Amino acid sequence: MIEEIKEDADERMQKALSALEAAFSKIRTGRAHPGILTGITVDYYGSETPISQLANVTVEDARTLTIVPWEKKIVPDVERAILKSDLGLTPTTAGEVIRLPMPALTEENRRELTKVARGEAENIRVAIRNVRREANADLKELRAEKEITEDDERRGNEMIQKLTDQRIGDVDKALDTKEADLLEI
């Protein structure tokens with residue numbers, strides 16, 4: 001019983017870490033990478049479709065993404081979707097090819113993006129603590145139903161706490177890496 005609760009908590013904490021990685025990939029650094037466009041969708045025949053499913057997205061050089069839509073008629077739609085996104089990027093089009101230059105980040109932009117990254121990391125820490133709280137509540141419920149002893153509950157709480165500390169450490173490492181990446185000139 002206790003092991004099942006621990007495994008469930010670990011799985012949910014891992015999902016939170018995956019969500020953090022996804023959030024960090026959307027925070028742009030000065031370098032171009034296709035992950036920046038994750039989450040941007042284009043209205044394609046009445047359904048919202050990710051750009052990666054409508055076009056070939058490649059890195060042309062360190063600061064430029066190249067987007068080649070598979071259908072020429074959706075080029076303006078892709079451009080519009082990029083402009084409407086909160087990335088602050090301006091695409092340039094030459095025929096069927098859309099180029100997306102990444103402007104160099106100013107010191108102020110870097111500080112703002114660092115604050116955003118810290119906020120995302122804090123949200124994930126809160127999510128991990130919520131998983132811990134729920135796991136501890138499950139242990140308490142098992143003890144109330146006399147399925148485990150008080151000592152078992154205490155050991156279970158300690159295991160969940162160690163797991164929580166480990167996952168929050170993982171969040172802190174990921175945040176440190178992202179901050180170093182953002183502040184790198």
Discussion item. Quick check on Arg12: is it assigned by TED's automatic domain parsing to the domain that holds Val171 and either in a loop (DSSP other than H, G, I, E, B) or at pLDDT below 85 (or both)?
Written reply: no
Discussion item. Residues that are assigned to a helix (DSSP H, G or I) and touching a Pro at 6+ places or on another chain (Cβ under 7 Å): does the stretch 26-42 have at least one?
Written reply: no
Worksheet item: Quick one: would you say Arg133 is touching a residue at least 12 places away in the same chain (Cβ under 8 Å) and part of a helix (DSSP H, G or I)?
Response: no
Discussion item. For the stretch 136-157, give me the residue count where each residue is in a helix (DSSP H, G or I) and either within 30 Å of Ala23 (Cα to Cα) or hydrophobic (A, V, I, L, M, F, W, C) (or both).
Written reply: 7
Worksheet item: Picking from Arg111, Arg143, Arg133, Arg99, which residue would you name as being at negative phi and touching a Ser or Thr at 6+ places or on another chain (Cβ under 6 Å)?
Response: Arg99
Fill in: Test for Ala144: is it farther than 22 Å from Val59 by Cα, of a type in the set (Gly, Ala, Ser) and surrounded by 17 or more Cβ atoms within 10 Å (Cβ to Cβ)
no
Worksheet item: When the stretch 18-53 is examined, which residues are found to be crowded, with 17+ Cβ neighbours inside 10 Å and either closer than 23 Å to Ile160 by Cα or small (Gly, Ala, Ser) (or both)?
Response: Leu20, Ala23, Ala32
Worksheet item: Lys73 fails exactly one of the following numbered conditions: (1) part of a helix (DSSP H, G or I); (2) farther than 16 Å from Gly39 by Cβ; (3) in contact with a strand residue (DSSP E or B) (Cβ under 6 Å, 6 or more places away or on another chain). What is the number of that condition?
Response: (3)
Worksheet item: Just to be sure, is Asp172 in contact with a helix residue (DSSP H, G or I) (Cβ under 9 Å, 6 or more places away or on another chain) and either under 17 Å from Glu4 (Cα atoms) or not in a helix (DSSP H, G or I) (or both)?
Response: no
Worksheet entry | Meets criteria (touching a Leu at 6+ places or on another chain (Cβ under 8 Å), surrounded by 12 or more Cβ atoms within 10 Å (Cβ to Cβ) and closer than 22 Å to Arg31 by Cβ) for Leu113 | yes
Item to complete: State yes or no: is Pro101 in contact with a helix residue (DSSP H, G or I) (Cβ under 7 Å, 6 or more places away or on another chain) and under 29 Å from Asp181 (Cβ atoms)?
Response: no
Worksheet, complete the sentence: All conditions in (1) modelled with pLDDT of 90 or more; (2) surrounded by 12 or more Cβ atoms within 10 Å (Cβ to Cβ) are true of Gly119 except (2)
Practice prompt. Please specify each residue of the stretch 115-157 satisfying the condition of being among the charged types (D, E, K, R) and closer than 16 Å to Met13 by Cβ.
Written response: Glu120, Glu122, Arg125, Arg129, Arg132, Arg133, Glu134, Asp138
Fill in: Residues located in the stretch 77-114, provided they are within 20 Å of Gly39 (Cβ to Cβ), of a type outside the set (Gly, Ala, Ser) and part of a helix (DSSP H, G or I)
Asp77, Val78, Glu79, Arg80, Ile82, Leu83, Lys84, Asn109, Glu112, Leu113
Item to complete: Give just the number: which of (1) out of contact with any strand residue (DSSP E or B) (no Cβ under 6 Å at 6 or more places or on another chain); (2) loosely packed, with under 12 Cβ neighbours inside 10 Å; (3) at pLDDT below 90 does Lys162 not satisfy?
Response: (3)
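The values are calculated or read from the model by the stated rules, or taken from the named source; none is laboratory data. Remember, predicted model here, so these are calculated numbers, not experimental data. Every residue, glycine as well, gets a Cβ built from its backbone with ideal geometry; the counts of neighbours run over all protein chains shown.
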